[in-house]
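Engineer: Below you will find the structure I want to go over with you.
What follows is calculated from the coordinates using simple rules that are stated; it is not laboratory data. All figures in this text were calculated on a predicted structure; none of them were measured in a lab. Note that each Cβ is placed from the backbone with ideal geometry, even for glycine, and that neighbours are counted across all protein chains shown.
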Amino acid sequence: MPPRKPKAERDVQKDYPTKQFVAKLRRLADCIENGQRFRTQVAGERVSVPPDAQINIEHERASSSEEIEFQLIWELDD
């Protein structure tokens with residue numbers, strides 16, 4: 001199998017309608033609970049999260065806003 005070409009760096013934020021966001025969260029929760037890979041598409045790119053991804057919640061507060069991020073972090077295979 002030929003080596004994969006490196007993926008370009010990316011930092012995007014995509015808004016979703018509530019119903020679609022909830023569906024993604026439910027599928028994610030099911031995959032985490034069952035130790036399965038989570039596959040989704042974000043802003044037109046397919047993303048595959050391995051079951052051993054690190055999971056954390058980040059909370060940020062500024063003077064005029066607050067933010068919560070549910071994060072999944074994993075190392076890329078060579």
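Engineer: Condition first: within 19 Å of residue 74 (Cβ to Cβ) and part of a loop (DSSP other than H, G, I, E, B). Now tell me which residues in region 6-42 satisfy that. If you could, list the steps in order and put the result at the bottom.
Structural biologist: Keep residues of region 6-42 that are within 19 Å of residue 74 (Cβ to Cβ), which gives 6-12, 24-25, 27-42.
Passing the criteria: 6, 7, 8, 9, 10, 11, 12, 35, 36, 37.
Engineer: Looking at region 28-51, which of its residues are over 12 Å from the mean Cα position of the chain (by Cα), of a type in the set (D, E, K, R) and surrounded by 10 or more Cβ atoms within 10 Å (Cβ to Cβ)?
Structural biologist: 30
Engineer: Run down 75, 69, 9 and say which single residue is of a type in the set (Asp, Glu) and within 12 Å of the chain's Cα centre (by Cα). Talk me through it step by step, then tell me what you get.
Structural biologist: On the way: 75 fails: within 12 Å of the chain's Cα centre (by Cα); 9 fails: within 12 Å of the chain's Cα centre (by Cα).
Only one candidate qualifies: 69.
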